[in-house]
1. Quick one: ranking V273, V192 by accessible area, 1.4 Å probe, largest first, what do you get?
2. Averaged per residue, what accessible surface does the range 206-283 expose to a 1.4 Å probe, in Å²?
3. I'd like the carbon and sulfur percentage of the solvent accessible area for the chain, probe radius 1.4 Å, heavy atoms only, ligands and nucleic acids excluded.
4. Where in the range 207-236 are there chymotrypsin sites (Phe, Trp or Tyr not before Pro) that are in a DSSP coil and have at most 16 other Cβ atoms within 10 angstrom of their Cβ?
5. How would you rank 74-80, 150-156, highest first, on the average number of other Cβ atoms within 10 Å across their residues?
6. Rolling a 1.4 angstrom probe over the protein chains, ignoring ligands and nucleic acids, what is the accessible area of T18 in square angstrom, nearest 10?
7. Below 24 Å, Cα to Cα, which lysines can K240 reach? Residues fewer than 8 away in the same chain don't count.
8. How do 161-171, 249-259 rank on mean C-beta neighbours within 10 Å, highest first?
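The values are calculated or read from the model by the stated rules, or taken from the named source; none is laboratory data. The model shown is predicted, which means the values in this text are computed figures rather than measured ones. Using ideal geometry, Cβ is built from the backbone for each residue, glycine included, and neighbour counts are taken over all protein chains shown. Just the protein is used for accessible areas: all its heavy atoms, side chains included, with ligands, DNA and RNA removed. Shrake-Rupley method; radii C 1.70, N 1.55, O 1.52, S 1.80 Å.
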Amino acid sequence: MNRLPSKIFIDGGSPTETKEASERRSVTLGFPLDGQTTNPTLIARNLVEKSGKLTEKDALAEYKRIVREMSSVIPGGSISIQVFADEKTSAGDMLEQARERNKWIPNASIKFPATHEGLKAAGKASLEMPINITLVFSQSQAAAVYEITRGAKYPIFISPFVGRLDDIGENGMEVVKNILNLYENGDGHVEVLTASVRNLDHILYALLLKSDIITIPFKIFQLWADENFRNPADDYLYNKPELRPIPYRADVKLGRDWQTYDLQHMLTDRGLVSFYKDWTSLF
Ligand code: G3P
């Protein structure tokens, strides 16, 4: 069986799911998962089910324990660990958290939000460790990510959240398409990771577009595994007339100072608040 055009990650907060998904892929295709993404909400969900309320120190220790377990299941894969940030968190604070988390496991990729402070921290971090820019919803955020990480010494991922755009009636997959288009004549230093996947069509279209990576929640992963991890047919069409198109912006080009791109997106702000709230509600 040929490898797919995209690397496949699992999106979750439970090492048991990581194990099951990786075994299922190995049994069917002969190779394990390529990686794992986590976020504060997913980790908190797992901890609430298992432990209820915790102290802040214990919650962080649990996050570390969970990603260590995931790392031991897929030692050859990449494991995304997110920094905690709200709208007031400084770049310096995020960078400090990133350095600490990067010591947890040898295969960490540290997630920063696509905000001004998040990207400022990410630019510095890209010289020290693999990173993943999360809560991405627009082509101009992607241009800023590309520019701030030019000269990176480690792998850089960018995570457009397709499902959350679909949720507000916009065609999220078009952001993936637009970012791939924007990066087409670039130097290839940023890998596009399709995230916030809600259904099989997201997977099939991301494969067709050759998104570098797709991260998939366990339930959707199982549906896809039931179909033997199928590829899109030659005549596959991602047709979503019920979703508003997100057209490519020819005026948003690479090559400018990262700070000149518009980073504002309602869903980035909203996502930042809810990640933070879900995490702090643990203690
Ligand atoms: O890992 C982040 C991402 O995939 C979030 O997905 O379903 O909360 O929009 P979702």
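1. V273, V192
2. 60
3. 50
4. Y236
5. Those peptides, ordered most packed to least, come out 74-80, 150-156.
6. Rounded to the nearest 10, that gives 0 Å².
7. K240 reaches K177, K210, K219.
8. So the peptides 161-171, 249-259, ranked by packing, come out 161-171, 249-259.
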